[in-house]
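Here the structure is laid out as structure tokens; the discussion comes afterwards.
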Amino acid sequence: MSSNKARFNHASFKSSVFWLLLTFSASLYAKEPLSIVVGVAPEESALLAAHNWVPLLRKMSKDSEYRFVFRTARSILEFERNLQKQVYDVAYMNPYQFINFSREDKYKAFAVSQSNRTIPLLFAHRDDDIDSIEDLDGELVLFPSPVSIGATVVPKLELEKRQISIRSNYSLTHDSVYKHVAYKVNRVGGGTKRTFELMDSLITNRLKIIWKSDGIPPFAFAFSTKVKQTEKNKIERLFVNASKDKAYLEMFKRLGLGKLMVVNDHYWNDFLKDIDLLNSAKSAYEDNQSDSRRYY
């Protein structure tokens with residue numbers, strides 16, 4: 001009986017070793033999730049952007065075969081340099097950036113947030129006697145960046161159209177502009193409705209909107225042209241379906257986004273009528289940066 005027990009234990013040991021080796025071998029050949037770098041235009045500070053985007057990307061990673069990695073940049077100009085190098089597999093960018101990098105065959109659109117146009121605006125401190133855009137002649141206005149389409153380029157074009165002359169300073173992000181005006185470091189700033197509404201009410205309660213536009217097309221979700229088509233199809237479905245899923249609803253709401261709809265590059269055709277004017281404006285603002293004090 002002792003001999004039978006020994007044979008049983010030996011067989012059991014061999015079986016355990018076999019399954020252990022099989023499991024170990026399988027783990028060696030297990031497919032690692034494909035990393036997808038998601039680049040987000042730096043409208044907010046990197047800390048705030050991460051706070052808003054990482055939970056969404058973490059859940060999408062858990063629910064898929066991918067590992068979504070959040071990335072942003074210190075400034076809009078740095079973000080655009082990264083777009084030029086195709087650092088991001090998926091990028092969330094303004095229509096101005098998208099059209100430029102689509103023209104260069106760097107990025108192709110796949111989705112936008114439905115009914116979520118970008119609304120450029122100008123604002124002042126609530127206690128200030130500046131009450132309208134007409135009060136800005138000769139004023140110093142703080143903008144996030146010379147190349148921020150919603151918060152800088154559109155408001156400046158409106159001021160130019162009305163022949164209102166201003167002086168400009170630039171910050172790095174939208175939230176820094178809101179804070180500077182809220183704490184009376186600057187009297188007036190430029191921003192967008194989306195980023196204004198994402199700010200803490202302790203800041204926005206100190207502000208008043210003095211002008212807003214009818215809006216421009218929303219930001220684009222776009223793929224780098226380096227991403228394989230099979231991956232594009234899967235990731236597109238994942239983003240669009242997630243935006244309609246109750247489990248993701250609060251995460252998209254935190255980003256100021258509604259349900260996503262599938263689009264292609266032609267979605268921005270109407271915007272193309274103004275792109276040459278905007279490119280001229282961008283060049284002028286960049287040429288004048290040496291005369292503008294920057295906040296860091």
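Simple spin-label estimate for Ala46 and Lys59 gives 2.6 nm between the two label positions (7 Å along the Cα-to-Cβ direction from each Cα). The trypsin sites (Lys or Arg not before Pro) found in the stretch 145-180 that occupy coil by DSSP, while having at most 16 further C-beta atoms within 10 Å, are Arg162. For the stretch 120-216, dividing the convex hull volume of the Cα atoms by the residue count gives 82 Å³ per residue.
If a spin label sat at a point 7 angstrom from the Cα of Lys244 along the line to its beta carbon, the backbone N atoms of the stretch 211-238 nearer than 12 Å would be those of 237-238.
When +1 charges are put on Lys and Arg Cβ atoms and -1 charges on Asp and Glu Cβ atoms, the dipole computed for the stretch 67-199 relative to its Cα centre reaches about 700 debye. Residue exposure proxy: His266, His125, His174, His51, ordered by other Cβ atoms within 10 angstrom of their Cβ from fewest to most, comes out as His266, His51, His125, His174.
Among residues other than Lys208 with Cβ under 10 Å from its Cβ, the summed charge is -1 (Lys and Arg +1, Asp and Glu -1).
Suppose the chain between Val185 and Gln114 were pulled fully straight at 0.36 nm per residue; how much longer would it get relative to their current alpha carbon spacing? Let's see the in-between values first.
Details: separation 71, 0.36 × 71 = 25.56 nm, distance 3.59 nm.
Length difference between fully extended and current span is 22.0 nm.
Each label was represented as a point 7 Å from its Cα along the Cα-to-Cβ direction; for Asp131 and Phe271 these points are 3.5 nm apart.
Each reported figure results from applying straightforward, stated rules to the coordinates on display, with no laboratory input. Just so it is clear, the model here is predicted, and its values are computed rather than measured. FYI the Cβ positions are ideal-geometry reconstructions off the backbone, even for glycines, and counts take in every protein chain you see.
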